[in-house]
Amino acid sequence: MNVQDLLQKDAFLCDCGRKHHSDTRILQVGDAAIYDRIPGMLGGIRRVLVISDGNTRPLCGEKVIAALAGAGITVDEAFFNQTDVLIPDEATIAKAEACFCAGTGAVIGVGSGVINDLSKYIAFNHQVPSMIVATAPSMDGFASSGAVMMLKGLKVTCSRRAPRWIVADMHVLAGAPIDMIRSGIGDLLGKFSALSDWKLATLMSSEPACQMIYDLVETETNACIDNIDAIMRRDPAAIGRLMESLAIVGITLAYQGSSRPASGSEHLISHFFELTCVKNHLPYFPHGIDVAYSAVVSEMLRKRLAEEDPATFAFRFDRSAWHRGLVRCFDDMAPEIEAMQNKNATYATDRSGFIRDRWPTIRSYLKQTPGVAFMKKILGKAGYNLEDFKAMYGLDKIRDAVRHASDIKTRYTLLALLSDTGKLETYAKELTL
């Protein structure tokens, strides 16, 4: 399946019966010659706004600007002269907006997460396309339509458009901080869990499935595993392939119309850590690293459940205990979360009989993932250590994540299945790493 061919289609009817669409049209990862190709990608646009910071401008932003200027394209700059973390808040938005001029036909971000989000945000405000010249293979959100901003002191995901062009110099990517590379690896390794949970959800909640998307995500996950040793050696070609995999997975989210192909129980657990740590001003791992550790936790739970006798499944929801747990974990956010789950009737339905009747199929989904030992082996090659995970959060918080990560969203995953079988509290209480 050639992703580049798919990207050339405005929309296409898939065998799954739905039309798929992505705003991304070009994905190119190459050597330093990639900069000279950027002007031609723009298709006649003659004025652009380039957004960069104190890290990314000297890294490759100057090459981007030189290539554009050499092609006679007018370049305006929103340059943030700092090397620490750029906060995408109202002040940052205002500074970038002040640099947008009449006649600007595109916004080009040079960087990774924050720069990409800021570029998408500004471009959407002016109804022009954006490009990201990526500097680190750190996440699968490059092709996402969401822009995560810090507005009124809160982290908010704003609906925008995915970049029309995703471009990267593999040698720049290979020089990224090792934690950003490890984060990209972790984000991909979480897809084993996400794909298993997606199959589960199609059975339990009738979510739409697509074999083409499933196969694409699985292929890119396996490509990461095949190249793991070369990636950790910072081999430019392997790092470039990692970047392509992350971008392709992001494109599949646009095709599906949700994050379901890339996000399951492992992401819910990782979001639990981020949400509770941000709220309480505590440190936490970068997103992809949290996903990797959380994927190990999910795998432990998944493989234990796969060996259970379905005759032991029983609906055991204790509303009072659940409420107390919400208050303990989420404090003043608990009422909102409880109201959301009550509205969705998440815990009001006894599905245990349905699960017992379909247990052979469900069990096959649980067993399709590669196993705890395999996950630990691959993560070990990428420099992960479960002791670091325990040291960051503590076993009690990790157990609470198992209990309550599913409360953050109404998405059906392994965690909801554990609740429906009456195993959630026991598994959380007995979890060890």
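The values are calculated or read from the model by the stated rules, or taken from the named source; none is laboratory data. All of these numbers come straight from a predicted model, not from anything done at the bench. Please note: Cβ atoms are built from the backbone with ideal geometry, for glycine as well, and neighbour counts cover all protein chains shown. The accessibility values were calculated without ligands, DNA or RNA, using every heavy atom of the protein model including side chains. Shrake-Rupley method; radii C 1.70, N 1.55, O 1.52, S 1.80 Å.
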Checking R319 against (1) of a type in the set (K, R); (2) at pLDDT 95 or above; (3) open to solvent by 10 Å² or more (accessible area, probe 1.4 Å), only one condition comes out false. Which one?
(2)
Residue within region 296-313 that is within 17 Å of H271 (Cβ to Cβ) and of a type outside the set (A, V, I, L, M) present
yes
Being open to solvent by less than 30 Å² (accessible area, probe 1.4 Å) and assigned to a loop (DSSP other than H, G, I, E, B): is that true of T432 here?
no
Exclusive hit being under 27 Å from A292 (Cα atoms), in contact (Cβ under 8 Å) with a residue 60 or more places away in the chain, outside any strand (DSSP E or B) and touching a Ser or Thr at 6+ places or on another chain (Cβ under 7 Å), set A136, A143:
A143
What number of residues within region 105-134 satisfy the criterion of being over 16 Å from I38 (Cα atoms) and either open to solvent by less than 10 Å² (accessible area, probe 1.4 Å) or of a type outside the set (A, V, I, L, M) (or both)?
15
Sole residue being open to solvent by 60 Å² or more (accessible area, probe 1.4 Å) and not in a loop (DSSP other than H, G, I, E, B), chosen from V296, V278, V291, V249:
V278
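This table checks each residue for (1) surrounded by fewer than 22 Cβ atoms within 10 Å (Cβ to Cβ); (2) in a helix (DSSP H, G or I).
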| residue | (1), (2) |
| --- | --- |
| E220 | no, yes |
| A237 | yes, yes |
| A254 | yes, yes |
| L282 | yes, no |
For region 363-370, check the following and say yes or no: at least one residue is touching a helix residue (DSSP H, G or I) at 6+ places or on another chain (Cβ under 7 Å), without any contact (Cβ under 8 Å) to a residue 60 or more places away in the chain and surrounded by 14 or more Cβ atoms within 10 Å (Cβ to Cβ).
yes
Take G380 and decide whether it is touching a residue at least 12 places away in the same chain (Cβ under 8 Å) and out of contact with any helix residue (DSSP H, G or I) (no Cβ under 6 Å at 6 or more places or on another chain).
no
Tell me which residues, restricted to region 304-314, are under 32 Å from the mean Cα position of the chain (by Cα) and open to solvent by 50 Å² or more (accessible area, probe 1.4 Å).
R304, E307
When you scan region 152-171, how many residues do you find that are of a type in the set (A, V, I, L, M) and either open to solvent by 40 Å² or more (accessible area, probe 1.4 Å) or not assigned by the TED database to the domain that holds K9 (or both)?
3
Name the pairs whose Cβ atoms lie under 6 Å apart, with the first residue in region 200-217 and touching a residue at least 12 places away in the same chain (Cβ under 8 Å), the second of a type in the set (K, R), and 6 or more positions between them or separate chains?
V217/K191
